[in-house]
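A quick write-up on the structure given underneath.
The values are calculated or read from the model by the stated rules, or taken from the named source; none is laboratory data. Not measured: the values here are computed from a predicted model. Glycine gets a Cβ as well: all are built from the backbone with ideal geometry, and neighbour counts include every protein chain shown.
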Amino acid sequence: MKNIQKILIIDDDPDIGIALQLLLEYKGFESIISQDGLQVEEILQDQNIGLVILDLLISGVNGAVVCRRLKDDPLTAHIPILMFSALSNAEKTCRDAGADDFVYKPFEMNTLLLKIKHSLH
């Protein structure tokens, strides 16, 4: 039986989260959506997550802070994080926070899928 990679999508925009989830499931991935960056550690403890897709701007918490927290924790530091944002200067902020990869919104789905596949291998 094929090992399906589980991806955690963290974005406070439900439309983006659902669109990403539909795309990922169509491509054979299992995904979980969270609109709350404060629940990430709890989800990662309960689920076998292979990749986190994280928006820089999340209501209530900065995605860069969430990324840094995950990368500083020995239990979650190994999980790749792909961050995204529409802000023109966001890539440096995200990479400085420890993001393994970055994509600007709006993004091409093929570009996103290539980055996801690269992050999972």
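The residues of the stretch 59-78 include none that are in a strand (DSSP E or B) and under 12 Å from the mean Cα position of the chain (by Cα). Does residue 61 fit the bill of being out of contact with any Pro (no Cβ under 6 Å at 6 or more places or on another chain) and buried (at least 22 other Cβ atoms within 10 Å of the Cβ)? Against the criterion (out of contact with any Pro (no Cβ under 6 Å at 6 or more places or on another chain) and buried (at least 22 other Cβ atoms within 10 Å of the Cβ)), residue 61 does not qualify.
Scanning the stretch 1-12 for residues that are part of a loop (DSSP other than H, G, I, E, B) and either surrounded by 15 or more Cβ atoms within 10 Å (Cβ to Cβ) or in contact with a Gly (Cβ under 7 Å, 6 or more places away or on another chain) (or both) turns up 4, 5, 11, 12.
Could you tell me whether the stretch 20-42 includes any residue that is touching a strand residue (DSSP E or B) at 6+ places or on another chain (Cβ under 6 Å), among the small types (Gly, Ala, Ser), assigned to a helix (DSSP H, G or I) and surrounded by 13 or more Cβ atoms within 10 Å (Cβ to Cβ)? There is at least one residue in the stretch 20-42 that is touching a strand residue (DSSP E or B) at 6+ places or on another chain (Cβ under 6 Å), among the small types (Gly, Ala, Ser), assigned to a helix (DSSP H, G or I) and surrounded by 13 or more Cβ atoms within 10 Å (Cβ to Cβ). Within the stretch 76-93, if we keep just the residues that are surrounded by 18 or more Cβ atoms within 10 Å (Cβ to Cβ) and in contact with a Leu (Cβ under 6 Å, 6 or more places away or on another chain), the residue that is farthest from residue 49 (Cα to Cα) turns out to be 90. Looking across the stretch 105-121 at every residue that is closer than 12 Å to residue 84 by Cβ and at pLDDT 90 or above, the one that is surrounded by the fewest Cβ atoms within 10 Å (Cβ to Cβ) is identified as 111. When the criteria are applied in full, residue 53 meets the requirement of being buried (at least 17 other Cβ atoms within 10 Å of the Cβ), within 11 Å of residue 10 (Cα to Cα) and either out of contact with any helix residue (DSSP H, G or I) (no Cβ under 9 Å at 6 or more places or on another chain) or at pLDDT 95 or above (or both).
For the condition touching a Lys or Arg at 6+ places or on another chain (Cβ under 8 Å), surrounded by fewer than 20 Cβ atoms within 10 Å (Cβ to Cβ) and either touching a residue at least 24 places away in the same chain (Cβ under 8 Å) or part of a helix (DSSP H, G or I) (or both), residue 48 qualifies.
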